[in-house]
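What follows is a single structure, written as structure tokens, with notes after it.
The values are calculated or read from the model by the stated rules, or taken from the named source; none is laboratory data. Only a predicted model underlies this, so the values are computations on that prediction, with no experimental measurement involved. Virtual Cβ from ideal backbone geometry, glycine too; neighbours counted across all protein chains shown. Areas reflect the complete protein model, heavy atoms only, side chains present, ligands, DNA and RNA absent. Shrake-Rupley method; radii C 1.70, N 1.55, O 1.52, S 1.80 Å.
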Amino acid sequence: MTDVTFVSTNPGKYREVRAVLREYGVGTRWSRRELPEPQADTLEEVVGSKLDAVEHVRGFALVEDSGLFIPSLGGFPGVYSAHFLRTWKFGPIFELLRHRNRRAFFRTVAGLRRGRQRAYFVGEVHGSISLRPAGRQGFGYDPIFVPQGWDRTFGQAPADAKNAISHRARAFRKAGEALASRHPFD
Ligand code: ITT
């Protein structure tokens, strides 16, 4: 069985990643560590820096960075999602969206490293921002995100329903397929 070390401060991410990788016979250990996140314009750059910082991990190291992107706000909060949520919660997003298009998407970039080898995997889910927060499942922006075709938020959905379609699950299924193959970095 292949094992990976997932480095993140976020327990919600870990639970989701572990469930997805299990489908591929991959075991996930959690290293709960904060990795440096430089000011950057893209998730890819942030993930590159996180991968630089996990050189101490033996075997496969996995990291990821995610964001909520709202096109009518120029992609905001995007790479600033964590900082924005810690500072402001949901209020200003509802305020800003009163007269703007509510379409939004989550994006995850996952990074895999072993020694000097690296690979990146991307996943997205599209939907819209709800009119008010709903639900206590999941974490972060889940209570305000309604996936396309759903009539409830990720926050109102059980973990397996979110994992069936989420940005993170899509990125990590690609990582799982790579890890289950003979050449994960090809
Ligand atoms: P790391 O230690 O892995 O960096 P983090 O929580 O700081 O954990 P990010 O910078 O990737 O992770 O998170 C960006 C923000 O987006 C943060 O506020 C998360 O709570 C939120 N977020 C990420 N994935 C989400 C998801 O699946 N559903 C809802 N919110 C999410």
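Looking for something among the polar types (S, T, N, Q), open to solvent by less than 60 Å² (accessible area, probe 1.4 Å) and without any contact (Cβ under 8 Å) to a residue 60 or more places away in the chain - is there at least one such residue anywhere in segment 58-66? Reasoning before the result, please.
The first filter runs over segment 58-66 and keeps only residues among the polar types (S, T, N, Q), leaving 66.
Next, only the ones that are open to solvent by less than 60 Å² (accessible area, probe 1.4 Å) stay: 66.
Among the residues that remain, those that are also without any contact (Cβ under 8 Å) to a residue 60 or more places away in the chain are: none.
No, that holds for no residue.
Do you know which residues across segment 38-54 are among the acidic types (Asp, Glu) and either touching a residue at least 40 places away in the same chain (Cβ under 8 Å) or open to solvent by less than 20 Å² (accessible area, probe 1.4 Å) (or both)?
As a first pass, look at segment 38-54 and keep what is among the acidic types (Asp, Glu): 41, 44-45, 52.
Result: 44, single match.
Considering each residue of segment 13-37, count those that are part of a loop (DSSP other than H, G, I, E, B), within 12 Å of the ligand (Cβ to nearest atom) and either touching a His at 6+ places or on another chain (Cβ under 8 Å) or open to solvent by 40 Å² or more (accessible area, probe 1.4 Å) (or both), and give that number.
The number of residues fulfilling the criteria is 5.
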- Task: Would you please name the residue that is surrounded by the fewest Cβ atoms within 10 Å (Cβ to Cβ), looking only at residues in segment 168-186 that are touching a residue at least 12 places away in the same chain (Cβ under 8 Å) and part of a loop (DSSP other than H, G, I, E, B)?
- Result: 185
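For segment 49-78, what are the residues that are in a loop (DSSP other than H, G, I, E, B) and within 15 Å of the ligand (Cβ to nearest atom)?
Keep residues of segment 49-78 that are in a loop (DSSP other than H, G, I, E, B), which gives 53-59, 70, 74-76.
Passing the criteria: 53, 54, 57, 70, 75, 76.
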- Got a number for residues in segment 79-123 being more than 10 Å from the ligand (Cβ to nearest atom), open to solvent by 20 Å² or more (accessible area, probe 1.4 Å) and of a type in the set (Gly, Ala, Ser)? 2
